[in-house]
1. Out of the stretch 1-18, which residues are within 21 Å of T75 (Cα to Cα) and either within 8 Å of the chain's Cα centre (by Cα) or β-branched (V, I, T) (or both)?
2. Identify all residues within the stretch 18-53 that are modelled with pLDDT of 85 or more, touching a helix residue (DSSP H, G or I) at 6+ places or on another chain (Cβ under 8 Å) and of a type outside the set (V, I, T); write none if there are none.
3. Looking at (1) surrounded by 14 or more Cβ atoms within 10 Å (Cβ to Cβ); (2) modelled with pLDDT of 95 or more; (3) outside any strand (DSSP E or B), which is the only condition C6 fails?
4. Which members of the stretch 10-50 meet the condition of being part of a strand (DSSP E or B) and exposed (fewer than 12 other Cβ atoms within 10 Å of the Cβ)?
Amino acid sequence: MMCAFCGGNIEPDKTEYVEKQGNYIVVIKNVPCEKCTQCGEVYFTGDVVKVIENILNTIQYISSEITVTVIDYATKVA
C-alpha cells in the first residue's frame, strides 16, 4: 500500500491517538495502525476506529478543569 499524501510505503505500526473533547484530553496509547515510513501519516482500519469510538464514548468525566486521560488500547481490546 502507498501513502495517499507522499507515495511512501505503508507498514504496520502502533501510535498514540490524542483527542480533545470539551474540557478533557484523551490519549490512547499503543493503537495499531498502518504508518507511512516516509512522512509518518497514520491510517486506521475500520475495526480500530470502532474501538477508539467505543473507548471515547465510555469514559466518564467529572472535572470542570482540563483533564488528561491516558488509556492503553491493548487492555481495552483484550
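1. Across the stretch 1-18, the qualifying residues are T15, E16, Y17, V18.
2. E19, K29, N30, P32, C33, F44
3. (1)
4. The answer is E11, P12, K20, Q21.
The values are calculated or read from the model by the stated rules, or taken from the named source; none is laboratory data. All figures in this text were calculated on a predicted structure; none of them were measured in a lab. Glycine gets a Cβ as well: all are built from the backbone with ideal geometry, and neighbour counts include every protein chain shown.
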